[in-house]
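The values are calculated or read from the model by the stated rules, or taken from the named source; none is laboratory data. This one's a predicted model, so the numbers in the text were calculated from it and none came from an experiment. Using ideal geometry, Cβ is built from the backbone for each residue, glycine included, and neighbour counts are taken over all protein chains shown.
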Amino acid sequence: MGKTIGVIAIKGGVGKTTTTSTLGAILSKEYGKKVLIIDGNFSAANLGLHFGIVNPEHTIQEVLAGKKKISNAILEHNDNLHIIAASVVPKKIDPLRLKDRLRDIKKDYDIILIDSSPALNEEILATMMAADELLVVTTPDYPTLSCTMHAVKVAKKRGTPIKGLVLNKVRNKNYELTIDDIESMCEAPVLAVMPDDIKVLEALSMTTPYNEHAPYADAAIEMKKLAGALVGVAYEDPRIVSKVRKLFSRSLSKQETNRAEFLE
């Protein structure tokens, strides 16, 4: 059986969908995993756009409405990476059927990633119910942290384990919250710290996964390390500058220490 990971946030604009699409692309390409990505944002879909899917023939809404089998809605991005997109036109469905629909295909994949709704509604609850564990995406500011704390609280109440936090769009400014602050208030470990990078928007405009558009950017390398931790494999940064930094630094960052707990 594959593992289902829900990627959640209850504030739009934090980079949840980019995190989901990039993780899926990395897990399939760098680690050879068979990956399925599902758009769980049923009322405001956009995951497909990250891969150039504008008008899918069949959608997750049709699957949830019982009009199509889930296997009919799967699109092959490549041999290892498959996608189930959603219609950009909202349709009347029962989101909570998602878990049942996944049972038919879970055995076919190593990892299933669900990009959840960014609102506290039945859609995000469907992701929490269908997932074996959750990643929570946040940014280092108080308004987002408040939403993140709420998301963590709801997830814990639902009984779905939280793997950790992805701290996104970090600019390393004094006004940003620290990792210690965020971990303390959310009671969950930060597994990745993603620098803010305009190349994310460039990749989206080209409908290309971020890791393929900028494979050696700091944020892409950090995402590769996170993906490795999710499957228990340490990712070795191939960049010379990283090897030089390692020579002069004896301590691990907080997120590196947290990721090390998941490595073989």
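Points worth noting:
- Test: Ala151 is under 18 Å from Ile10 (Cβ atoms) and modelled with pLDDT under 95: yes
Every residue, every condition in (1) surrounded by 17 or more Cβ atoms within 10 Å (Cβ to Cβ); (2) not β-branched (Val, Ile, Thr), yes or no:
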site: Ile5; (1), (2): yes, no
site: Ala9; (1), (2): yes, yes
site: Lys16; (1), (2): yes, yes
site: Thr20; (1), (2): yes, no
site: Val54; (1), (2): no, no
site: Leu64; (1), (2): yes, yes
site: Ala73; (1), (2): yes, yes
site: Lys92; (1), (2): no, yes
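- Cβ pairs under 8 Å, 6+ apart, first in the range 194-205 and on the phi < 0 side of the Ramachandran plot and among the aliphatic types (A, V, I, L, M), second exposed (fewer than 15 other Cβ atoms within 10 Å of the Cβ) and assigned to a helix (DSSP H, G or I): Ala203/Glu212
- Identity of the residue in the range 222-264, among the aromatic types (Phe, Trp, Tyr) and more than 13 Å from Lys163 (Cβ to Cβ), that ends up surrounded by the fewest Cβ atoms within 10 Å (Cβ to Cβ): Phe248
- Members of the range 168-201 found to be over 19 Å from the mean Cα position of the chain (by Cα), charged (D, E, K, R) and either loosely packed, with under 15 Cβ neighbours inside 10 Å or in a strand (DSSP E or B) (or both), listed by number: Arg171, Lys173, Asp180, Asp181, Glu187
- Taking the numbered list (1) free of Cβ contacts under 8 Å to residues at least 40 places away in the same chain; (2) on the phi < 0 side of the Ramachandran plot in turn, Ile179 passes all entries but (1).
- Among the residues of the range 40-53, those identified as in contact with a Ser or Thr (Cβ under 8 Å, 6 or more places away or on another chain) and of a type outside the set (S, T, N, Q) are Gly40, Phe42, Ala44, Ala45, Leu47, Leu49, His50, Phe51, Gly52.
- Taken over the range 53-78, the residue count meeting the criterion of being among the acidic types (Asp, Glu) and modelled with pLDDT of 95 or more is 2.
- Looking across the range 148-167, the residues that are charged (D, E, K, R) and more than 15 Å from the chain's Cα centre (by Cα) come down to Lys153, Lys156, Lys157, Arg158.
- Residue match in the range 208-224 (condition: touching a residue at least 12 places away in the same chain (Cβ under 8 Å), β-branched (Val, Ile, Thr) and in contact with a Leu (Cβ under 9 Å, 6 or more places away or on another chain)): no
- Among the residues of the range 1-40, those identified as within 13 Å of the chain's Cα centre (by Cα) and under 13 Å from Val136 (Cβ atoms) are Ile5, Gly6, Val7, Ile8, Ala9, Val14, Gly15, Lys16, Thr19, Thr20.
- Filter pass, Asp100 being out of contact with any strand residue (DSSP E or B) (no Cβ under 8 Å at 6 or more places or on another chain), surrounded by fewer than 21 Cβ atoms within 10 Å (Cβ to Cβ), modelled with pLDDT under 95 and among the acidic types (Asp, Glu): no
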